[in-house]
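Throughout, read-outs are computed from the coordinates displayed, never taken from laboratory work. Fair warning: this is a prediction, and the values are worked out from it, not measured in the lab. Glycine gets a Cβ as well: all are built from the backbone with ideal geometry, and neighbour counts include every protein chain shown.
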């Protein structure tokens with residue numbers, strides 16, 4: 001006998017469909033479904049985020065600009081597997097930079113979430129709000145099995161809510177922090193593991209879980225508490241011309257200025273510019289990944305890579 005727990009919830013209906021392999025057609029259908037029934041949580045998951053470009057017309061013309069052009073709100077959620085895991089150029093990037101380039105006037109939400117509880121709460125927030133906005137979530141597949149990507153039962157209940165910024169898993173006194181590494185997505189776990197291996201006591205790693213609208217105010221509050229901060233680093237897995245770097249650069253600088261740290265700008269730690277999103281060689285991927293993590297933590301200089 002088939003049993004689906006989600007269907008037993010009061011006033012709830014859970015449906016999963018294996019759709020045709022047409023990103024353009026299916027995303028258009030889901031957009032229409034979400035518009036027709038704003039009380040349904042409608043989620044479209046790409047096989048890999050890389051393949052979302054087959055639906056670029058729907059993203060550009062409808063999802064990003066539909067509310068401004070036609071005054072029609074929509075709460076569609078896009079789940080786009082995104083993360084550099086050595087799977088090659090066709091299975092690594094959901095083209096995060098393209099979605100961030102579309103962001104303006106609070107038209108969409110762009111998230112890159114690292115914990116189960118935060119993922120739960122952002123979906124819950126999507127339906128509890130009295131308005132609807134499309135949401136794009138980067139969903140690294142490796143976090144499904146990562147030992148650190150876990151949440152306690154308590155984090156799903158009570159007063160817990162979606163955190164636009166996630167603190168370091170290791171508690172460090174704000175006054176002892178000299179280097180702050182900001183990042184988004186699964187690279188945070190690589191940074192934390194390497195930092196702990198190297199026994200760095202003055203490096204804090206903070207995750208930006210929501211890239212747009214950018215959480216500038218809470219970031220400024222955190223920066224203000226770090227009275228001995230010397231350097232801010234933005235670390236990403238993507239090449240420099242991809243990912244969030246060119247989007248967050250000035251926003252981080254603005255937050256630092258608002259925190260009383262005039263003239264402090266973030267430095268970049270990540271892959272160099274590239275025409276292809278990722279290398280096709282797993283061994284080269286690993287070398288690049290280790291190098292960008294070490295650079296972000298100040299364990300070696302960029303000149304040595």
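Structural remarks
- Rounded FRET efficiency, nearest 0.05, which uses the C-beta distance separating residue 60 from residue 227 and R0 of 41 Å: 0.40
- Cα Rg, Dmax (largest Cα-Cα span) when computed across the range 1-68, Å: 14.2, 47
- Alpha-carbon centroids, the range 121-157 and the range 1-61: separation in whole Å: 16 Å
- Stokes-Einstein diffusion coefficient of the chain, Kirkwood radius over Cα pairs, 25 °C, 0.890 mPa s, in µm²/s: 120 µm²/s
- Once the C-beta distance of residue 36 and residue 101 is scaled by a Förster radius of 22 Å, the resulting FRET efficiency is 0.15 to the nearest 0.05.
- Beta-bridge orientation, the chain: approximately 15 percent antiparallel, per DSSP, counting only bridges with both partners inside.
- Within a Gaussian network of the chain (alpha carbon springs, distance under 10 Å), most fluctuating of 167, 283, 92: 283
- Taking every DSSP bridge with both residues inside the range 166-304, close to 5 percent are antiparallel.
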